[in-house]
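The values are calculated or read from the model by the stated rules, or taken from the named source; none is laboratory data. Just so it is clear, the model here is predicted, and its values are computed rather than measured. No Cβ is skipped: glycine too gets one built from the backbone with ideal geometry, and neighbour counts run over all protein chains shown.
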Amino acid sequence: MELLRDYNEVLFRKLQKKVSQLEEEILRCNRIEADLRESEKFLNSIVEEIPNMIFVKDAAELRFVRFNKAGEELLGVSRDDFIGRNDYDFFPKEQAEAFILRDHDALSTKALVDIPEESIMTQNKGERVLHTKKIPILDESGTPTYLLGISEDITEHIELEELRRTALIQIEEQIQKLAILNDSIRNPLAVIVALTSMNEGGIFEQISDQAYEIDRIVTLLDEGWLESLKIREFVRKHYR
């Protein structure tokens with residue numbers, strides 16, 4: 001009986017120690033789980049607050065599994081409608097095929113695919129132009145499991161660039177017209193000055209004075225033309 005009691009005490013102490021270890025392990029797991037939840041919450045917050053459209057597709061069927069708020073606002077479609085569906089469900093066939101072709105490019109090369117410009121049809125904003133990057137998400141064996149997409153709406157940027165190009169063309173046209181106008185004035189003006197210099201009298205002197213005044217104005221126009229050339233070069237350098 002004494003041996004049995006000693007054995008039970010030893011067994012109890014071992015069991016108590018094991019329970020204590022399990023409790024510590026449970027606390028550690030709870031802390032890890034809490035940290036993971038906090039990290040997931042933080043990452044979700046980042047994804048939601050990024051102003052660019054972010055989406056995730058499964059690599060097997062290219063169906064949407066994740067969509068952020070910016071994507072909803074851009075396309076005018078609820079994220080819940082996207083989940084489990086693919087591009088053919090939302091976009092014209094030609095656009096959907098172009099999107100999926102680039103998806104396959106990223107998955108097959110296992111590398112980032114950069115698409116500087118691609119058109120997309122939206123529900124509320126009509127056709128928009130996006131700059132999209134597609135990145136395959138690989139598992140431990142290097143096999144693509146998901147496809148991450150990040151799209152920036154660059155429609156306004158493209159429109160602004162087009163306005164800049166149009167403005168530059170207009171500036172160059174006006175500069176050319178100014179140069180032609182100067183020559184058109186100076187050539188007959190030289191004839192007038194030559195004719196008045198061949199005659200004497202008050203009226204011819206007045207005509208000559210006015211001709212020289214016009215020549216002075218044309219000279220100012222020439223200086224303005226040179227300044228316009230400088231402006232054109234500046235615009236070309238900074239806005240093309």
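General observations
- Within the range 114-156, being part of a helix (DSSP H, G or I) and surrounded by 12 or more Cβ atoms within 10 Å (Cβ to Cβ) holds for one residue alone: 155.
- Residue 23 over 30 Å from residue 124 (Cα atoms), within 30 Å of the chain's Cα centre (by Cα), free of Cβ contacts under 8 Å to residues at least 12 places away in the same chain and not assigned by TED's automatic domain parsing to the domain that holds residue 119: no
- Within the range 78-87, tally of residues that are more than 24 Å from the chain's Cα centre (by Cα) and within 12 Å of residue 121 (Cα to Cα): 0
- Put simply, of 22, 75, 27 the only residue that is touching a strand residue (DSSP E or B) at 6+ places or on another chain (Cβ under 8 Å) and hydrophobic (A, V, I, L, M, F, W, C) is 75.
- The one condition in (1) out of contact with any strand residue (DSSP E or B) (no Cβ under 9 Å at 6 or more places or on another chain); (2) without any contact (Cβ under 8 Å) to a residue 24 or more places away in the chain; (3) surrounded by 11 or more Cβ atoms within 10 Å (Cβ to Cβ); (4) not aliphatic (A, V, I, L, M) that residue 164 fails to fulfil: (2)
- Beta carbons closer than 9 Å, at least 6 apart along the sequence or on distinct chains, pair a first residue in the range 82-93 that is among the charged types (D, E, K, R) with a second that is at pLDDT 90 or above and assigned to a loop (DSSP other than H, G, I, E, B) for 85/63; 87/62.
- Residue within the range 26-39 that is in a helix (DSSP H, G or I), β-branched (Val, Ile, Thr) and surrounded by 10 or more Cβ atoms within 10 Å (Cβ to Cβ) present: yes
- Selection from the range 64-78 of residues that are surrounded by fewer than 18 Cβ atoms within 10 Å (Cβ to Cβ) and in contact with a helix residue (DSSP H, G or I) (Cβ under 8 Å, 6 or more places away or on another chain): 69, 72, 78
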